[in-house]
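Asks: This structure is in structure tokens; I'll ask about it shortly.
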Amino acid sequence: MTAADQAPLRAEHLTLAYGERVIQRDLDFTVNRGDIFIVMGGSGCGKSTLLRHLIGLQRPAAGRVFYGAADYWAADPADRAAILRRIGVLYQGGALFSSMTLAENVAVPLETCTPLPPRDIRALAELKLALVGLAGFGDYYPSEISGGMRKRAGLARALALDPEILFFDEPSAGLDPVSAKRLDDLMLRLRDALGATLVVVTHELASLLSIGTNSVFLDAATLTQIATGAPRDLLADCPDPTVQAFLRRGELPPPPKTKETRP
Amino acid sequence: MAPTASTVPVSTAAGLRLDRGGPSAVLSLSGTWTLAADLSAANAFLADPHALDGLPSSTLRVADAGIAAWDSPLLVFLRRLAVAAPKGTTLDLSGLPSGVRALLDLASAVPPRARDAAPPEPSWLARVGLASQACFQHTGESLRFLVDLAASAGRMLVGKGRHRRADFLDVLSECGPGALPILFLMSLLVGMIVAFLGAIQLKLFGAEIFIADAVAIAMTREMGALMTGIVMSGRTGAAFAARLGTMQVNEEIDALRTLGFSPMDYLVAPRALALLLMMPLLATYSMAAGILGGAIAGIATMDLTPAQYLHETLSSMSVKGIASGLFKAAVYGVVIAVSGCRQGIACGRSAESVGTATTAAVVNAIVWIIVMDSLISVLYMLLGI
């Protein structure tokens with residue numbers, strides 16, 4: 001098996017815990033190349049915690065996270081840093097460094113991870129800002145722009161090193177429906193153009209049903225995953241009442257299709 | 001990944017070749033165009049001002065002649081190429097991978113926004129004027145804050161203020177007993193320093209015993225209150241600013257306002273009163289610790305007996321001296337509470353502004369403590385206290 005046909009991200013019997021308190025246990029899922037992989041579930045079920053475990057901010061209590069063939073938590077620090085350079089993360093509020101301009105924010109990973117001269121870095125930063133629709137905003141400080149723009153600037157920074165996997169934490173939180181839709185479109189176009197894989201933590205129904213190609217559903221009651229698959233397919237055929245309630249905003253699912261016996 | 005026999009060796013450099021023959025010029029791109037690749041050929045091409053001279057037609061076709069891998073550098077190159085090409089030249093990118101065209105379209109979908117022109121730099125005269133204006137405004141705001149605080153503290157004392165008793169007790173214990181260990185250490189050391197300084201001079205006259213007087217007077221009239229003020233502005237003033245600043249960032253202060261609480265009554269007055277109450281007590285403690293430090297130093301380095309030292313200390317201390325020190329301490333308490341809380345309430349909405357507010361609170365408190373110290377000392381001198 002070569003690296004090309006290996007799934008870019010895979011979780012194996014992952015157990016997430018804060019100290020003694022188990023958040024989720026036995027998570028098993030595979031994110032394939034080009035997927036828009038949705039991590040969904042009700043509030044407080046551990047979606048963001050799972051994200052923190054996937055992007056190397058928190059060590060799992062048990063289980064493994066594979067990036068390609070590499071076991072992230074078993075790798076030595078240099079390999080881990082190399083893995084992290086291949087991913088990009090968009091945090092909920094953008095998480096821009098407030099003392100730097102947008103262009104400087106985007107340039108930070110470029111300056112530390114590439115040998116490029118300042119002129120090229122500046123050009124790359126401008127390109128990334130243009131990609132997210134913020135051309136000409138390079139000299140603005142995060143405090144001078146709106147929340148939606150901050151989020152897009154955060155995306156430009158996440159894109160800086162041309163990542164293979166992009167993680168989004170609640171991308172549409174705090175955005176109006178039109179901006180949220182535009183961000184979805186942007187994510188789709190970037191995925192198609194860059195050939196990247198997207199992992200999205202969200203509970204925004206409209207968004208996850210329209211863009212998701214695969215998903216994992218975390219349940220707060222049983223503390224484990226209760227469904228995987230494309231969100232639209234889950235909506236159509238998942239028998240689990242929790243998943244159905246979630247995907248239909250609590251409205252009752254249609255009566256189950258009774259298997260008709262042909263006369 | 002180990003290279004296997006089947007992998008074709010790929011050049012890790014970006015290659016390009018301009019072909020002027022034919023009806024329109026063709027720029028053929030090949031090789032690797034990634035962040036890790038060697039892009040010197042592309043840079044050299046763009047750096048040459050005559051690279052694109054003498055094109056046969058107004059169309060420049062960019063062709064994919066075996067691009068092995070590409071990333072942002074290719075996009076940057078094409079954007080630069082569009083700028084470098086002679087006026088009126090159109091780039092025909094139809095031969096490039098569709099992802100490249102999609103990203104370039106995305107990048108040019110929103111027209112760049114020009115930064116608003118910065119206002120012209122003011123002249124030095126204007127700057128002096130603006131600075132003085134800001135200074136007056138700042139002083140005015142501080143005074144208004146002080147007046148509001150006095151009114152609020154009055155309401156609290158007559159029982160009409162709206163605050164939670166538990167919060168007040170928390171603040172009291174945090175800025176009182178919590179400060180004792182560090183204050184003890186600092187005051188003890190200052191007492192010893194005063195004793196050592198005095199000892200060197202007084203030995204010349206054989207008047208070592210007056211060390212006790214020097215330490216007692218210095219600690220009660222001046223150093224006890226000053227040390228308490230400095231310790232508390234670093235410890236409690238900074239904590240007030242950080243606490244209220246974080247509440248401001250978190251919109252908690254707005255929530256208080258809409259719940260009908262005045263932040264002044266609810267947050268500032270309890271803190272100011274707590275400091276006003278605690279500072280004289282802490283200063284008394286600091287005076288005692290300083291005198292103890294002086295005694296340790298004096299008895300250890302000179303032939304004074306503890307009884308002698310104690311007698312001399314007691315005879316040099318006066319109620320008037322102690323009271324004047326305690327009054328100073330109370331004034332410093334108000335200074336610390338006002339600068340801490342004012343900076344906290346006026347804090348901006350970002351994480352960075354909490355840091356700025358905390359720094360400003362400590363700096364302001366220490367500066368104003370020293371200023372008030374000098375003013376009060378002058379006042380005492382005029383009044384003959």
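Asks: Do the conditions hold for A:L188, that is, is it under 29 Å from A:G138 (Cα atoms), within 14 Å of the chain's Cα centre (by Cα) and open to solvent by 20 Å² or more (accessible area, probe 1.4 Å)?
Replies: In short, yes.
Asks: Can you tell me which residue in the range B:58-90 is least open to solvent (accessible area, probe 1.4 Å), limited to those that are within 14 Å of another protein chain (Cβ to nearest Cβ) and more than 18 Å from A:L194 (Cβ to Cβ)?
Replies: Ranking the qualifying residues of the range B:58-90, first place goes to B:L81.
Asks: Still on this structure: Given the structure, is B:L93 within 14 Å of chain A (Cβ to nearest Cβ), touching a residue at least 24 places away in the same chain (Cβ under 8 Å) and part of a strand (DSSP E or B)?
Replies: Yes.
Asks: When you scan the range B:196-237, how many residues do you find that are within 24 Å of B:Y332 (Cβ to Cβ) and either among the small types (G, A, S) or not in a helix (DSSP H, G or I) (or both)?
Replies: So the answer is 9.
Asks: Still on this structure, I have one more. Quick one: which of B:S173, B:S187 is among the small types (G, A, S) and touching a residue at least 60 places away in the same chain (Cβ under 8 Å)?
Replies: Residue meeting the stated conditions: B:S187.
Asks: A follow-up question, please. Which condition number does B:R349 fail, the rest of (1) surrounded by 22 or more Cβ atoms within 10 Å (Cβ to Cβ); (2) among the basic types (K, R); (3) not in a helix (DSSP H, G or I) being met?
Replies: (1)
Asks: For residues in the range A:79-115 being surrounded by fewer than 17 Cβ atoms within 10 Å (Cβ to Cβ) and among the β-branched types (V, I, T), which is nearest to the other protein chains (Cβ to nearest Cβ)?
Replies: A:T112
Asks: If we scan the range A:128-139, do we find a residue that is more than 30 Å from A:Q6 (Cβ to Cβ), of a type in the set (F, W, Y) and touching a residue at least 12 places away in the same chain (Cβ under 8 Å)?
Replies: yes
Asks: Continuing with this model, one more query. Where in the range B:243-329 are there helices (runs of 4 or more DSSP H), lying fully within it, with 3 or more residues that are in the same structural domain as B:A225 (by TED's automatic domain parsing) and surrounded by 18 or more Cβ atoms within 10 Å (Cβ to Cβ)?
Replies: It comes to B:269-301, B:306-316.
Asks: So, in the range A:116-151, how many residues would count as being touching a Gly at 6+ places or on another chain (Cβ under 7 Å), of a type in the set (G, A, S) and open to solvent by 10 Å² or more (accessible area, probe 1.4 Å)?
Replies: Looking only at that region, the number is 1.
Asks: Mind checking which residues of the range A:152-171 are away from chain B (no Cβ under 14 Å), open to solvent by less than 10 Å² (accessible area, probe 1.4 Å) and in a loop (DSSP other than H, G, I, E, B)?
Replies: A:P171, the sole residue that qualifies.
The values are calculated or read from the model by the stated rules, or taken from the named source; none is laboratory data. Treat the numbers as computed from the prediction; the structure is a model and nothing was measured. Counting neighbours? That spans all protein chains shown, and the Cβs are built from the backbone with ideal geometry, glycine included. The protein model used for the area step is the full one, side chains on, heavy atoms only, and it has no ligands, DNA or RNA in it. Shrake-Rupley method; radii C 1.70, N 1.55, O 1.52, S 1.80 Å.
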